[in-house]
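Please treat every number below as a calculation from the coordinates, not as lab data. None of these values were measured; they are calculated from a predicted model. We place every Cβ from the backbone using ideal geometry, glycine too, and count neighbours over all the protein chains shown.
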């Protein structure tokens, strides 16, 4: 399975790349600047011994089965328009972007109202028909991904495409410590996105790298 | 410390009453119907051996130091207008209400948009000046409160009144298993309220009684 990570030189993208490279997946780091992408890919390859290459964002998407977006919200819609010609109906687009108010000079503890309801639903409007959009990985602290240890956080996965959501939950479980949960339809991404703003508030108040665990569900809830 | 629980005959209100009565606090169960309030108070008194009485909602608020609102959103604004003459500047009003779309015949996995941002912020607009509004207890599964065991859930407390928020965090910690966290300003209640809709979705999909734990914070974050 090959995964393109758009904005893959940033902390969240590089962190996910590193974890998935360690798990044996083929990773293509995407960046606006192909040289930066290749340099970061080289670095992750050295650290993990995995299969990691680098390319310009759109080029990275062309050959990947799964495209993961780890970009700031300020360039979100524009980036999707740029990527659109490279996206194909068989692909899954994983949206991790949170519409933080910091995108327009506001606070990282607040989110912007997105007309469609969430960044993920905006994405669903901007990808070619037939591409499955799955929202996930919003609440994972990037600062924990760059290390090798287990991550004490659940990943809530929202999508209108059941099979694609299933594959993304499997992808989440490749990160040690992570449990993946079915968060229901893509419209629920608005809640999962906003949780990130709350977690950032905890991090600021208490100098932590906060995540969340959902309690009180039967074991099979984390395993389907 | 005396606590009035408005809507205290419902599962969330009765559950909190029972836990706090066990912790030695003086509880006044409020209901529209004073007879129902007294009957439920009698029941909780028998179960817990605590100090529990019942009264009409407004009467319940008059003598309490802390007023906890556990009412469905459909009667929320109207109830606050009814209670207003009984509320005094020295009191703390704890808002647990979630604006579920079920209030207007929609789904319990969706919330309504509240003009002020959240049910808690609406409350802040409707109480007399000087009353401290604190949002908390939204994510506790009521089904776990009625039993005696520890509750595997954190309580996120949001308020613009630091001292009042501190007292409510202390109140939350009286429930075995619960950790209380400073969720920042009252405006953040919008996120905590919406998390409930997400948890209800998990409960429906997996027949659970879900809650949440925040991970990755230093121990002192849960103890201030």
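Pairs of C-alpha atoms in chain B farther apart than 29 Å represent 19 percent of all such pairs. The label-point distance for residue A:115 and residue B:204, in a model that sets each label 7 Å from Cα toward Cβ, rounds to 2.8 nm.
Using Cα-Cα distances under 8 Å and only pairs 6 or more residues apart, what relative contact order does chain B have, in percent? Mind showing how you got there, number by number?
Values: 517 pairs, mean separation 38.3, N = 224.
Taking the mean separation of contacting Cα pairs over the length of chain B, I get 17 percent.
Return the equivalent ellipsoid semi-axes of the stretch B:136-224 as a descending list in whole Å, where each equals the square root of 5 times an eigenvalue of the C-alpha gyration tensor. Spell out each step's value before the answer.
Values: eigenvalues 92, 48, 27 Å².
Ellipsoid half-lengths, sorted descending, are 22, 16, 12 Å.
Shown here is the pair-distance distribution of the stretch B:111-186: with all Cα-Cα distances grouped in 5 Å bins from zero up to the longest one, the shares run 3, 16, 24, 21, 17, 13, 6, 1 percent.
Under Stokes-Einstein, with the Kirkwood radius over Cα pairs standing in for Rh, what whole-number D in µm²/s applies to the stretch B:43-129 at 10 °C and 1.306 mPa s?
Estimated diffusion coefficient is 111 µm²/s.
Pairs of Cα atoms nearer than 8 Å and 6+ residues apart set the relative contact order; for the stretch A:159-209 it is 29 percent.
Note on A:22-32: average number of Cβ atoms from other chains within 10 Å of each residue's Cβ is 0.
Length available on full extension from residue A:224 to residue A:74: 0.36 nm per residue minus the Cα-Cα distance, which gives 50.6 nm.
When every alpha-carbon pair in the stretch B:70-202 is counted, what percent end up more than 26 Å apart? Mind dumping the intermediate values first?
Working: 1695 of 8778 pairs.
Of all Cα-Cα distances in the stretch B:70-202, 19 percent exceed 26 Å.
Determine the percent antiparallel among the DSSP beta bridges restricted to chain B, to the nearest 5. Provide the component values of the computation, followed by the final result.
Numbers: 3 of 29 bridges.
Here the share of antiparallel DSSP bridges comes out near 10 percent.
Measuring r between the beta carbons of residue A:129 and residue A:46 and using R0 = 41 Å, the FRET efficiency lands at 0.55. Once the convex hull of all Cα atoms in the stretch A:1-82 is built, its volume per residue stands at 71 Å³.
Strictly greater than 18 Å: what percent of every Cα pair in the stretch B:10-55 meets that? Don't skip to the answer; put the middle values down first.
Values: 130 of 1035 pairs.
For the stretch B:10-55, the share of Cα pairs beyond 18 Å comes to 13 percent.
Only helices enter this figure: runs of n ≥ 4 DSSP H residues, each worth -39500 (n - 2.57), summed and divided by the residues of chain B, yield -11000 deg cm²/dmol at 222 nm to the nearest 500.
Only Cα pairs under 8 Å and 6+ residues apart enter the sum, and on that basis the relative contact order of the stretch A:66-160 stands at 28 percent.
To the nearest 0.05, what FRET efficiency results for residue B:32 and residue B:174 with a Förster distance of 25 Å applied to their C-beta separation? Between residue B:32 and residue B:174 the formula returns 0.40.
Quantify how strongly other chains surround peptide A:101-113 by giving the mean number of their Cβ atoms within 10 Å of each of its Cβ atoms.
Details: counts 0, 0, 0, 0, 0, 0, 0, 0, 5, 5, 2, 0, 1.
Mean shielding count: 1.
Across peptide B:178-189, how many C-beta atoms of other chains are within 10 Å of each residue C-beta, on average? Walk me through the intermediate numbers first.
Working: counts 0, 0, 0, 6, 4, 4, 7, 3, 0, 2, 6, 0.
Per residue, the number of nearby Cβ atoms from other chains is 3 on average.
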